[in-house]
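S.K.: Just passing along the structure, written as structure tokens.
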Amino acid sequence: MLKEASNYLGGYRLLFLLALIVIEWQLTKNGASFWIFYWGDHQSPSYNYEYFIVYASFGIVGGIFTFMKNKVTTASVGRTTKNLHLDMIYHLIRAPLPSFHDITPKGQIINRLSLDIITIEEYFYQSYSSMITFLTAFIYGVIMCSIYQPFCLLIIPLLGIIGSVLTKFYLNCSLDLTRLESNTRSAILNIVNE
């Protein structure tokens, strides 16, 4: 499953490159926060300009890494969209002729393909980018907690269990709501199609 997902996203090299870029971005973001803390403790009118130059360079480097992260994420999502669309077309062409193509209207097939691609392009980019950002922030937070407050590591397994239970509950509710939404939409579409 992981190998197939990585192939859709551009392979392990692209995912590794994205991981490095996001780690560097996280380091520059948190480095800027630490630098502000250091600057606040060591304020001196003669060094304020030098401290500002260091802080501004953190911001510029962070901006460059943000641009690179968005560029690589966009390329990865574009490749995923292309691969999934080609895969859908491949399976659509090889569908059993009498049972599928004779019963299903061509307009419905085309609308389904276009809706799926639009959904992938719009929502997958946001989800993928947010997942990467939150995952690196979480890992960085765990590392910082383990350095400064090792007792916080005792709470993490409990939070993982609670998060797992809530995720299962959310996924079940989301699936049921999606079914209800598709049932109400299909009833209206059936009336309109008649």
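The values are calculated or read from the model by the stated rules, or taken from the named source; none is laboratory data. This is a predicted model, so every value here is computed, not measured. For neighbour counting, all protein chains shown are included, and Cβ atoms are generated from backbone atoms with ideal geometry for every residue, glycine included. Note: accessible area is taken over every heavy atom of the protein model, side chains too, but ligands, DNA and RNA are not part of it. Shrake-Rupley method; radii C 1.70, N 1.55, O 1.52, S 1.80 Å.
Residue-wise test of (1) open to solvent by 90 Å² or more (accessible area, probe 1.4 Å); (2) β-branched (Val, Ile, Thr); (3) assigned to a helix (DSSP H, G or I).
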| site | (1), (2), (3) |
| --- | --- |
| Leu135 | yes, no, yes |
| Val142 | no, yes, yes |
| Cys145 | no, no, yes |
| Phe151 | yes, no, yes |
| Leu159 | yes, no, yes |
| Lys168 | yes, no, yes |
| Leu171 | yes, no, yes |
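S.K.: Please name all residue pairs, on different chains or six or more residues apart, with Cβ atoms under 8 Å, provided the first residue is in the range 153-182 and is free of Cβ contacts under 8 Å to residues at least 24 places away in the same chain and the second residue is hydroxyl-bearing (Ser, Thr, Tyr) and surrounded by 10 or more Cβ atoms within 10 Å (Cβ to Cβ).
M.R.: Listed by first residue and then by second, the contacts come to Leu153/Ser146.
S.K.: Filter the range 133-145 for residues that are among the small types (Gly, Ala, Ser) and closer than 14 Å to Leu159 by Cβ and give the result.
M.R.: Within the range 133-145, the first condition is being among the small types (Gly, Ala, Ser), and the residues that meet it are 137, 141.
Across the range 133-145, the qualifying residue is only Gly141.
S.K.: Between a first residue in the range 47-67 that is farther than 27 Å from Leu17 by Cβ and a second residue that is open to solvent by less than 50 Å² (accessible area, probe 1.4 Å) and among the aromatic types (Phe, Trp, Tyr), which pairs have beta carbons less than 6 Å apart while being 6 or more apart in sequence or on different chains?
M.R.: The qualifying pairs are Tyr51/Trp39.
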